[in-house]
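Report on one structure; see the data block that follows.
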Amino acid sequence: MVRIRVLVVDDHRIFAESLAAALAAEPDVDVSAAGSGPAALRCLERGAAEGRRFDVLLVDADLTGAPAGPVPAQREAGAGPPGDGIALVAGVRTAHPGVRTVVLAERDEPRRAALALQAGASGWVAKDCSLSRLLAVVRGVLREETHLPPALLTGVLRELTQARKHRTDSERLVESLTPREHEVLRCMVAGLGRKDVAARLFLSPHTVRTHMQNVLGKLGVHSTLAAVALARRAGVRPADLAGDVVERSGQLA
C-alpha cells in the first residue's frame, strides 16, 4: 500500500491534534503536526534528510509565526500580515517544490484564495469540511489536481484575471526603462538606498538620484515603495547582492 505523508500546520493546537488524529485513522495516511511555519520547515527538511519526504502540507490560512519569505506580489495586494499561511506556501514551493500544499480556511475569501494559488497552493478548503472531502482533496492534489470550493471559482478567476492585467501593465512600464534604469530599479527592489546603489554601480549619488527620479517618472509612481511594488508585479528580480559582478569598464551613466 502506498502511504501518503501529510503534515498539518496550525497554531491552534486542539484543531491540529484533532485533525491529525482523524487523518491518522486512515490506513494509507501517515500524519504529523507542526504549530508554526518554522517548525513545519524543520519537519520538511528532516523528512527529506531521512528519506521520508512529506507529500502534502495542510496549512492554516491564518497561521501566525510563519516565515516571512519573499512573496512580494502578496504583500502589496494585502494578502494578510507578514508570516501568514500563504507566506509559508510560497516558502515551501521554493524550498520543497515536490510537496503539495492545501490551505485550510475559516472563510471563503476569493482574493486570498487567488493569492494562495499564485503562491503555489494546490487547493483551498474550508476548515469545517468533512473528513471525506478533505481526503478527496489530498488525494486529488497528488494527481496534480487543483481544488477550490465551487462557490469561490468565479471570484478566484476574476482575481487571477485582474492580477494578470496588472502584471501586463506593469511589465509594459518596466520595459520603457533604459538598461541602466532597470539596473537601478533592481537595486531598489533589493532594498538598497541611494548611496549603496551609487557604490554598487560606481556612480555618483547625484547620478543615482537622477536615475531614480527617471524610474519613478516612467513608472508613473511617486515613491520608491510604489516603484518596488510595481516592479515586483512585473517580475523584476532584485539585484543579486552576493553574485552579481559589476564591471567598471564599459559602463556609462
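The values are calculated or read from the model by the stated rules, or taken from the named source; none is laboratory data. Since the model is a prediction, treat every value here as computed from it, not as a measurement. Neighbour counts are summed over all protein chains in view; Cβ atoms, including those assigned to glycine, are modelled from backbone coordinates with ideal geometry. Just the protein is used for accessible areas: all its heavy atoms, side chains included, with ligands, DNA and RNA removed. Shrake-Rupley method; radii C 1.70, N 1.55, O 1.52, S 1.80 Å.
Taking label positions 7 Å along the Cα-Cβ direction at both residue 142 and residue 15, the computed distance is 2.4 nm, reported to one decimal. With R₀ set to 35 Å, the beta-carbon distance separating residue 210 from residue 154 gives a calculated FRET efficiency near 0.15. Based on every Cα atom in the range 1-56, Rg and the maximum pairwise Cα distance Dmax equal 11.1, 32 Å. Note on the range 104-220: with neighbouring protein chains present and a 1.4 Å probe, carbon and sulfur make up 53 percent of its accessible heavy-atom surface.
Quick check: from the Cα gyration tensor, does the range 82-180 come out rounded (a/c under 1.5), prolate or oblate? Judged from the Cα gyration tensor, the range 82-180 comes out prolate (a/c at least 1.5, a/b above b/c).
In the range 104-167, taking the dipole from charged Cβ atoms about the Cα centre, the farthest positive-side position among 114, 141, 125 is held by 114.
For a test of the definition: using alpha carbon positions, the gyration tensor, and the 1.5 limit on a/c, classify the range 166-213 as rounded, prolate or oblate. Note, shape of the range 166-213 comes out prolate. Of the peptides 185-197, 113-125, the ranking by mean beta-carbon count within 10 Å, highest at the top, reads 113-125, 185-197. Distances between placed amide hydrogens fall under 5 Å for residue 101 paired with 57, 122, all partners being 5 or more residues away or on another chain.
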